[in-house]
Amino acid sequence: MEIILKNVRTAFMNIYSPKAMANDANSKPAYGSKLIIEPGSDNDKAIQAAMLKVAEEKWPGKGKATLDKLIADKKTCYQMSEYQNKDGDAYDGFEGMYSLSTRSEKLKPTVKNRFNADVAEGEQGSPYPGCYVHAAVDVWPQDNQFGRRINGTLQGVMFAGDGAAFSGARPASDSTFAGMAAEPTTADLV
C-alpha cells in the first residue's frame, strides 16, 4: 500500500546507490533510508493506518492481533520509539521521534529536486542525510520462510527543504562562493 509522507527528515540514506548493512556480514546491498517521524503527526497516523490495513488484508480476522505481536517483537518497518545506538542513546535527530525503515535490494527509488526534476547525488537540490523530503513508501506484509513482518520500500523522494546534515556536510551550492571569485588575469588565460 503506497503512502505519501510529507516533510519528513531522512537519515542513513542509500538512495543513490545500494549499500549493505554494516553490522550484518550476510547483508546484500540495498537501497533505502530511515525516515524520522514526529509522534502524533499526520505521517505517524498514515503509517499506522497503512500497517493495520495491510495486516488485515494479509491475515483476515487476525490482522490487528498479528500486527500487535509484530510491533511488540520489533518486526515492522516502523518503530514507535527513538532509534538508538548500541549504547542505548538516541541517534542525532531521533530524540523523541519515531522512525520508518525502508529497504529494497532491487528497487532504486526515484530521486527528485523540489521542482520534481530527476536529480543525481551532489547536484544542486539533491536530497542529503538530514534534509526534509516528501517520500513515497510502499508498506507491505511478509509471510514466508523468513517469517512474518511488515516491511517498507522507498519508492521515491522529493527534496522538500534543508535541515542540519547528518554524518558530514552536503556539497556547496552554486551561490556559496558568490562574490568571492577573483577576476582572471591575462596570465591565467594562457
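The values are calculated or read from the model by the stated rules, or taken from the named source; none is laboratory data. Since the structure is predicted, the reported quantities are computational estimates derived from the model, not experimental observations. Please note: Cβ atoms are built from the backbone with ideal geometry, for glycine as well, and neighbour counts cover all protein chains shown. With ligands, DNA and RNA removed, areas are computed over all heavy atoms of the protein, side chains included. Shrake-Rupley method; radii C 1.70, N 1.55, O 1.52, S 1.80 Å.
List of remarks:
- Failed criterion for GLN124 (all others in (1) of a type in the set (S, T, N, Q); (2) assigned to a strand (DSSP E or B); (3) over 24 Å from MET1 (Cα atoms) hold): (2)
- Residue that is more than 25 Å from ASP162 (Cβ to Cβ), modelled with pLDDT under 95 and of a type outside the set (Asp, Glu), where the choices are GLN84, GLN48: GLN84
- Per the conditions (1) under 14 Å from LYS34 (Cα atoms); (2) out of contact with any strand residue (DSSP E or B) (no Cβ under 8 Å at 6 or more places or on another chain); (3) not in a loop (DSSP other than H, G, I, E, B), the sole criterion not satisfied by VAL137 is (2).
- Hey, GLN145 open to solvent by 80 Å² or more (accessible area, probe 1.4 Å), free of Cβ contacts under 8 Å to residues at least 60 places away in the same chain, under 28 Å from ALA65 (Cα atoms) and not basic (Lys, Arg) or not: yes
- Among the strands (runs of 3 or more DSSP E) confined to the stretch 11-113, the ones with at least 2 residues that are closer than 28 Å to GLY125 by Cβ, open to solvent by less than 70 Å² (accessible area, probe 1.4 Å) and free of Cβ contacts under 8 Å to residues at least 60 places away in the same chain are located at 110-112.
- For PRO129, the test of being in contact with a Phe, Trp or Tyr (Cβ under 9 Å, 6 or more places away or on another chain) and not in a strand (DSSP E or B) is passed.
- Checklist (1) within 13 Å of the chain's Cα centre (by Cα); (2) crowded, with 18+ Cβ neighbours inside 10 Å; (3) among the β-branched types (Val, Ile, Thr) applied to VAL119, failing item: (1)
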